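Remarks on the structure that follows.
The values are calculated or read from the model by the stated rules, or taken from the named source; none is laboratory data. Being a predicted model, the structure only gives us computed values, none of them experimental. Methodologically, a virtual Cβ is constructed for each residue, glycine included, from the backbone with ideal geometry; neighbour enumeration extends over all protein chains shown. Note: areas computed on protein heavy atoms with side chains; ligands, DNA, RNA excluded. Shrake-Rupley method; radii C 1.70, N 1.55, O 1.52, S 1.80 Å.
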Amino acid sequence: MSLTISNEQLQAAASQYGTPLYMYHAEKITAQYQQLQNAFEGVYARFFYACKALTNLAVLQHVHSIGCNIDCSSINEVYLALKAGFNPEQILYTSNGISFEEIEAAVEAGVSVNIDSLSNLEKFGKAYGSRYPVGIRLRPNIMAGGNLKISTGHNGSKFGIPIEQLTEILTIKEHYKLRINCLHVHTGSEIKDVEVFIKVADIFYDLVPSFPDLQVLDMGGGFKVPYQEGEKGTDIPLLAKRVGEVLNKFEKSYGKKFQVWFEPGKYLVSECGYLITSVNVIKETPTVIFAGVNSGFNHLIRPMFYEAYHHIKNLSNPNGKVKIYAVTGNICETDNFAWDRPINEIREGDLLVIENAGAYGFEMGSNYNARFLPAQVLLRDEKMLLIRKRDTMEDLLKNQIGLSY
Ligand code: PLP
C-alpha cells in the first residue's frame, strides 16, 4: 500500500468535499509509529503522541488503535484523549504556564503530570504531598530546534523550571515528601542532531541521585521530518542506538532500569497531511506572478509564522510549463505560502496541494476574516472518510450573543 496520497485521490476528495480541504493518510501515521517501534526494539522506551499537532478525534482514535500513548498540553486535550479511548495510564499531561486547577483536574483524571513551575510544584506539594507521583519539566539551557519560536530549552525560554533552580526544587520535594518519578525536558521542535537528546540524558544522569523515586526520563518530542526535497530528518535508528547505550550506562551506574519517554508530534502526523486549495486569482504583476488560493494563514500558519517551507504541487496541470510563483492566501495580511517557487503553470480554478501539512496545520487554524475552517478527510484502507465537516455560518455564530438596537 502506498503511504502517500495520489494526485487522483486528492482530486477525488476535492471534488467530493470541496476546498480548502485537509486530507490525512491513516496508514502513514501507523508506518511512522512502526518505524519508531522498530528502531527502539530492545530499548526500554515509550512513545506519547504530542496531540497538539493534530487533535481531530478520528486521528486520536487511530493513534490509540495502533497502540501509541498520548501527550497532552491542555486539560481539554486530556479530555479529548479520554474521549478517543485512551486510558489514564496512557496519557501524559506536560504543562506549561497553566493554572493549578488544571493540574488538579489532571490528577482527578488519573493521568501522569509534568509540572513546569516552582509555584505549581509547591501547590502540588501542599495538595497531594506523596499521595500522587509527579514529573518535573526542566529547562536545561540548551539551544536546539528549527527556529527560535520553537526552541524551548534555551536560557531565555519560558518553558520548564531552570536547571539552576535545582536547590529550590529539592527543597519543595523534601518539604512535601514529593514522589518525583519523572524528569522531563523538551528542547524544541525539528531537532536533527541526535546528540541534543544525549546532552539531555547527560543532565538527567547527574540528577539521578537527587531523585530516588525516579523511573522515567522524558526527553520530549521534536524529531525532525524532511520538508524540503533532499532534506534529512532525525536519524531515528541512530537515536535509538545512542539512547540504548545511555540507558545501559544509567543501569550500570545506578543499578536501576529507567524508562525513556518521547513525545513526537510532527514525526507521527506531519507527512500524512495535505491541504488542498483552489486557485481563485492569477495576478501577473511586472515583478511577480501571484497565485491566490482560497485559503491562508487561517488554515496553515507555519509559512507565515516560522517561514516554514511546504512543497506545493499543481494537481490540475502536473505537466504544465514550470513558472515562478508567489502562492498567497486570501487573508488581509501578507500571507504567502511560498515565494519564488517553481510550479507547473497555474491557472485560475486549478487545485494546488500543500504537502506535509498534517502537523500544526488545521490545529493552529482560526476563523480569522470570518472564514470557515476546512473540512478534514482521513484516507484509511483506501477509503475516504469525512472526519470533520467544513464550518458553516451557524458555527461562526454559535457562541455569539447579538444585542438588540
Ligand atoms: N512535547 C512538548 C512538551 C512540546 O512542547 C512539543 C511541541 O511543541 C512536542 C512534544 C512535540 O514536538 P514535535 O511536534 O516537534 O515533535
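Residues are listed down the side, and each one gets a yes or a no for (1) among the charged types (D, E, K, R); (2) open to solvent by 40 Å² or more (accessible area, probe 1.4 Å); (3) over 20 Å from V111 (Cβ atoms); (4) part of a helix (DSSP H, G or I):
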residue: E8; (1), (2), (3), (4): yes, yes, yes, yes
residue: A14; (1), (2), (3), (4): no, no, yes, yes
residue: E41; (1), (2), (3), (4): yes, yes, yes, no
residue: L60; (1), (2), (3), (4): no, no, no, yes
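Considering the stretch 289-317, and only residues there that are assigned to a loop (DSSP other than H, G, I, E, B) and in contact with a strand residue (DSSP E or B) (Cβ under 6 Å, 6 or more places away or on another chain), the residue that is farthest from Q228 (Cα to Cα) turns out to be N294. Within the stretch 364-386, how many residues are farther than 18 Å from E307 by Cβ, open to solvent by 60 Å² or more (accessible area, probe 1.4 Å) and not in a loop (DSSP other than H, G, I, E, B)? The number of residues fulfilling the criteria is 5.
Residues are listed down the side, and each one gets a yes or a no for (1) away from the ligand (no atom under 16 Å from the Cβ); (2) in the same structural domain as L92 (by TED's automatic domain parsing); (3) surrounded by 19 or more Cβ atoms within 10 Å (Cβ to Cβ):
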{"position": "S210", "(1), (2), (3)": "yes, yes, no"}
{"position": "E231", "(1), (2), (3)": "no, yes, no"}
{"position": "T234", "(1), (2), (3)": "no, yes, yes"}
{"position": "L238", "(1), (2), (3)": "yes, yes, no"}
{"position": "G255", "(1), (2), (3)": "yes, yes, no"}
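Exactly one residue out of Y22, Y49, Y93, Y44 is under 30 Å from E348 (Cα atoms) and hydroxyl-bearing (S, T, Y), and it is Y22.
Across the stretch 317-360, what is the number of residues that are in contact (Cβ under 8 Å) with a residue 40 or more places away in the chain and surrounded by fewer than 19 Cβ atoms within 10 Å (Cβ to Cβ)? Walk me through how you get there before you give the answer.
First, the residues of the stretch 317-360 that are in contact (Cβ under 8 Å) with a residue 40 or more places away in the chain: 318, 330-331, 337, 343, 346-360.
Restricting the remaining residues to those that are surrounded by fewer than 19 Cβ atoms within 10 Å (Cβ to Cβ) gives 318, 330-331, 347-349, 355.
Total satisfying the criteria: 7.
Out of S119, S130, report the one residue that is more than 23 Å from the chain's Cα centre (by Cα) and in a loop (DSSP other than H, G, I, E, B).
Numbers: S119 fails: in a loop (DSSP other than H, G, I, E, B).
Only one candidate qualifies: S130.
Looking only at residues of the stretch 263-298 that are surrounded by 20 or more Cβ atoms within 10 Å (Cβ to Cβ) and charged (D, E, K, R), we find that the one that is farthest from the ligand (Cβ to nearest atom) is E271.
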